[in-house]
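Nothing in this text is a laboratory measurement; each read-out follows from the coordinates by a stated rule. Since this is a predicted model, take the numbers as computed values, not measurements. Because the Cβ atoms are built from the backbone with ideal geometry, glycine has one as well, and the counts that use them run over all protein chains shown.
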Amino acid sequence: MPAIDHARIKQAIIIAVILIFGITIIYELRSFMSGILGAVTLYVLLRSSMLKLTEKYRWTKAVASIFLIIASVLLILIPLGAIVRLLYTKLANFEINTNQVHKGVIAIVNTIEDATGIELMSDGFIAEIQNVISGAIQVVLNTTYSLAINAIMLCFLLYFMLTNVRKLDRASFRLLPLTEKHAKRLVLDSKKMVVSNAVGIPLIAVVQGMVAALGYWVFGVSDPIFWGLITGVFGILPVVGTTIIWLPMGVYMMVEAEIWQGIGLIIFGTAVITSIDNFIRFILQKKMADVHPVVTVLGVIIGINLFGFIGLIFGPLLLSTFLLLVKLYRYEYMNVKESHIIRLDKSKPTRLIKRP
């Protein structure tokens, strides 16, 4: 009979206790996860600026942290809050007349089917789309209430993270169960993913929304700013993206006898709105990770279910991080060649601290 390994048993008990406490803490803090993830995201983006202010320009940690937090509030949180408030106001007062919407969609579908001779969708499928849209609107309304408290949590955590940058660096490298090479790779790729999801995606959405609003105003769409915001939000989705908004809108205008306005909007959407995405990605391609469209779509679904409206950003980021960890695990512990799982970064390397 083999001897009982008491040390392994104690280790398993400690791990189990840690997991129980960790899961309990995360569960109880689930209402504040948007603020916590937001603090981590901004920390990754502001870390270099914090070090430059404190180590190069000799600012005190408290002053530098407060300055960066105020800048983040002015440049990110206040505009985001204004957008969410506008969406909430519009959607809260947006009474959907089911029969009218149904008739309008049927008219558009019938026009396309008559012109092409192809059956696009059944009445039941159209009704299901209406239910999905109504559910999405409800998600936005339900998540706006927690925005303020999560913003406070974000600022609170971000202050202490920024004032302890070097301590966090050392702690992170000690805790990572990876070699120094792959720990650095994780940091580099994580920063690229954060830039791609937290900067690139919102920037593309904002620019597409502004361009779309301009087009809606030119071609006579009522409430162009609101529909520009909606277009920007849908611009986050790859492949279909903004087409979901401006194409049906242009066809509907044609059905309503606004022929030239509808044709002009469709041409503008095809030539300008959809091209902005590729233009911005070309500008930011050296700083952005190459996120697969499937990851973005699944991440958006996961993020909305977990965090509501703000999950449009955090969902793809979480899924991308998960896939990166899986790749690094395969390379670290399964002897998989790096070239098979990680595309080497040939851009200018980021200066990292050495593992203590």
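Exceeding 29 Å between C-alpha atoms, which entries from my cross-link table qualify? They are K61/K191; K10/K191; K10/K184; K10/K327; K56/K184.
Among K61/K191; K10/K191; K10/K184; K10/K327; K56/K184, the Cα-Cα distance tops 29 Å for K10/K191; K10/K184; K10/K327.
Hey, for a label at S49 modelled as a point 7 Å past Cα toward Cβ, could you say which residues of the range 179-194 have their backbone N under 13 Å away?
Those under the cut-off are none; the list is empty.
From the backbone phi of the range 176-186, what are the Karplus-calculated ³J(HN,Hα) couplings (6.51 cos²θ - 1.76 cosθ + 1.60, θ = phi - 60°) in whole Hz, Gly and Pro given as x?
Karplus values, whole Hz, x for Gly and Pro: 5, x, 10, 5, 4, 4, 7, 5, 5, 4, 4.
Do you know the relative contact order of the range 173-292, to the nearest whole percent, from alpha carbon pairs under 8 angstrom that are 6+ apart?
28
What's the FRET efficiency of V73 with S172 using the Cβ-Cβ distance as r and R₀ = 30 Å, to the nearest 0.05?
So, using R0 = 30 Å, E works out to roughly 0.70.
Please give the FRET efficiency for I301 paired with V255, using the beta carbon to beta carbon distance and R0 = 45 Å, rounded to the nearest 0.05.
0.90
Order these by the 10 Å Cβ neighbour count, fewest first: M193, M33.
Placing the least packed residue first, the sequence is M33, M193.
Could you check the spin-label model distance between I23 and W217? Points 7 Å from the Cα along Cα→Cβ, value in nm.
In this crude spin-label approximation the distance works out to 5.3 nm.
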